[in-house]
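Read through the structure below, which is laid out as structure tokens, and then see the notes.
The values are calculated or read from the model by the stated rules, or taken from the named source; none is laboratory data. Just so we're clear, the structure is a prediction, and the values are computed from it rather than from any experiment. All Cβ positions, glycine included, derive from the backbone under ideal geometry; neighbour counts span all protein chains shown.
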């Protein structure tokens, strides 16, 4: 499955349960997400795929900018890159599994648990 489809599916699944999720093509573009927008919530969690981690400094910059914890989706077949990961989950993993880890890491209040679209 092409990368953008996986990101779109994860974003849709997170929005379905109530998270104001955004997706980016890479970490560099993620660093351009504004810290605060009038109609959006603050970034409170960052999910990173190991394949996107070319430079841990970019990850650190992103997390420092937003003051957010992070989850890494790692490959089992290689060493997990060093980083500020709050949680590491290993492939193979489904979109539903990732949503459950997000829900465990950043639970929503009951009044926010509804589809956003």
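Mind checking which residues of segment 44-67 are in contact with a helix residue (DSSP H, G or I) (Cβ under 8 Å, 6 or more places away or on another chain), without any contact (Cβ under 8 Å) to a residue 60 or more places away in the chain and under 23 Å from residue 108 (Cβ atoms)? Passing the criteria: 46, 47, 48, 62. Cβ-Cβ below 6 Å, separation at least six or inter-chain, first residue in segment 105-117 and closer than 16 Å to residue 16 by Cβ, second outside any loop (DSSP other than H, G, I, E, B): which pairs? Correct list of pairs: 115/16; 116/15; 117/15. Among the candidates 12, 8, 68, 30, the residue that is surrounded by fewer than 17 Cβ atoms within 10 Å (Cβ to Cβ), closer than 24 Å to residue 103 by Cβ and in contact with a strand residue (DSSP E or B) (Cβ under 8 Å, 6 or more places away or on another chain) is uniquely 68. The set of residues from segment 46-63 being under 15 Å from the mean Cα position of the chain (by Cα) and exposed (fewer than 15 other Cβ atoms within 10 Å of the Cβ) comprises 51, 60.
Kindly establish whether residue 95 is modelled with pLDDT of 90 or more and out of contact with any helix residue (DSSP H, G or I) (no Cβ under 9 Å at 6 or more places or on another chain).
No.
When each of 40, 25, 87 is tested for being exposed (fewer than 13 other Cβ atoms within 10 Å of the Cβ) and within 14 Å of the chain's Cα centre (by Cα), the lone residue that passes is 25.
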